[in-house]
Amino acid sequence: MELKKEIIRLKDDKNAVILAHNYQNADIQEIADFIGDSLELAREAAKTKADIIVFCGVDFMAETGAILNPDKLVLIPSRDARCPMAAQLPPERVREAKKAGYPFIIYVNSYAASKAEADICCTSANASKVVEALDGDTVMLGPDANLAWYAEKETGKRVIPVPSHGYCYVHKVFRIEDIYAIRSRHPDAKIIVHPECNSEVQEASDFVGSTSQMYRYAVESDAEVIVVGTEIGLIERMQREIEGKTFLPLRASTCIEMKLNKLDVVYKTLLNENNIVKINEDVALRAKRSIERMLEVS
Ligand code: 13P
Ligand code: SF4
C-alpha cells in the first residue's frame, strides 16, 4: 500500500483537510492541503469547509483549530506532540500576573486554559501588531521572553515577560558566536532568525520573523546564501522549494515533539478518526475570545 496515496484517498472520502506546520517532515508536507506558520494555520482552520481537520503540528496548534471549530472533528496524529513551552505558563500564573493591571497577551504556544485567562492571543507573526493595538504603553506577554523582548523593541512599548525567562529549547541553542562564525565564512550571506531566539542573536541578524515570514523573505531575497536560525524542518522546506539559493542552518536544531507526527500515524489517525482534540467547553469559549480578538487585530 502506498501510504501517501491512501491518505489522499481517505482525505477525499471523508472530506478531511490536512494542515501542516512549516517544521513538519517533507513527507507530511507533501500530502498537506496547507503548510504554514501558527497564524496561517489558525486562519486556515477558521475558514475550512472540511468536516475533519488533521492537524500536523503540536498540541497548541491543534487546540486552536478545535477551539475555532467546536462542531468539527479535529485530530492530532501524535498525542505526545506537546510543545514544552506551554508548560512554562500555567493558567494560575496568568491570573496572578494580571493583578498588576496590565493587559495580558498570551503567545499561542500555550495551554487553552491559559489562553482563557488572557486578554488576547498573539503568534510570532503578529506580536508587535497586537501590542500596538492595545491601549496603554505597558503590556504583559508570555510565555516566551524572547518574543516579549522582540515586541518591545519593535513597538517601543514596555512589554513585561511572564514568566521572566520563558523559552523554547529548540531556539535557545543559537548563540551570537554562531553568527560571528557564519559571517566570517559567508560574508555575503543573509542571516534570518525566529523571534524565539535570544536578543543578541536577533540583533545580529538581517531579519527576524515567524516561520512563514522567513520563508517569504527567502523567496524575495537576492542573496545566494541564506542562513536560517530556526527548526530544521523549515530550512529543509526552503531548500526543497526555493530554487537557485543555498540555505544553511545557523546550527542544526530539531523540535522532537514536531517530528512525532509520522506518515503512518497520520494514516491511522485519519482511518480510525482517533486522537480527537477536545477542550473543556467553558475553557474553549473563553480561549476563543482571546484567539478571535487576535484574528481581528491582525
Ligand atoms: P511560527 O508561528 O513562527 O510558525 O512558530 C511556531 C513555533 O512553534 C516556533 O517554535
Ligand atoms: Fe514549542 Fe519550540 Fe517546538 Fe515551537 S520549536 S513547538 S516553541 S518546542
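See the values below:
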read-out	value
Test: residue in the stretch 5-28 that is within 16 Å of ligand 2 (Cβ to nearest atom) and either of a type in the set (Asp, Glu) or part of a helix (DSSP H, G or I) (or both)	yes
Scan of the stretch 144-173 for residues that are more than 12 Å from ligand 1 (Cβ to nearest atom) and closer than 17 Å to ILE120 by Cβ, ordered by number	ALA148, ALA151, GLU152, GLU154, THR155, LYS157, ARG158, VAL159, ILE160, PRO161, VAL162
Answer from VAL227, VAL219, VAL193 - the residue that is buried (at least 18 other Cβ atoms within 10 Å of the Cβ), away from ligand 1 (no atom under 14 Å from the Cβ) and of a type in the set (A, V, I, L, M, F, W, C)	VAL227
Helices (runs of 4 or more DSSP H) contained in the stretch 147-225 and holding at least 2 residues among the acidic types (Asp, Glu) and at positive phi	none
Subset of the stretch 31-55 (residues that are farther than 20 Å from MET214 by Cα, outside any loop (DSSP other than H, G, I, E, B) and at pLDDT 95 or above)	ILE31, ILE52, ILE53, VAL54, PHE55
Of all residues making up the stretch 74-99, the number that are surrounded by 22 or more Cβ atoms within 10 Å (Cβ to Cβ), more than 16 Å from ligand 2 (Cβ to nearest atom) and farther than 30 Å from ILE7 by Cβ	1
Selection count where residues are more than 16 Å from ligand 2 (Cβ to nearest atom) and not in a loop (DSSP other than H, G, I, E, B), scope the stretch 245-298	31
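The values are calculated or read from the model by the stated rules, or taken from the named source; none is laboratory data. A quick note: this is a predicted structure, and the numbers were derived from the prediction, not measured. Methodologically, a virtual Cβ is constructed for each residue, glycine included, from the backbone with ideal geometry; neighbour enumeration extends over all protein chains shown.
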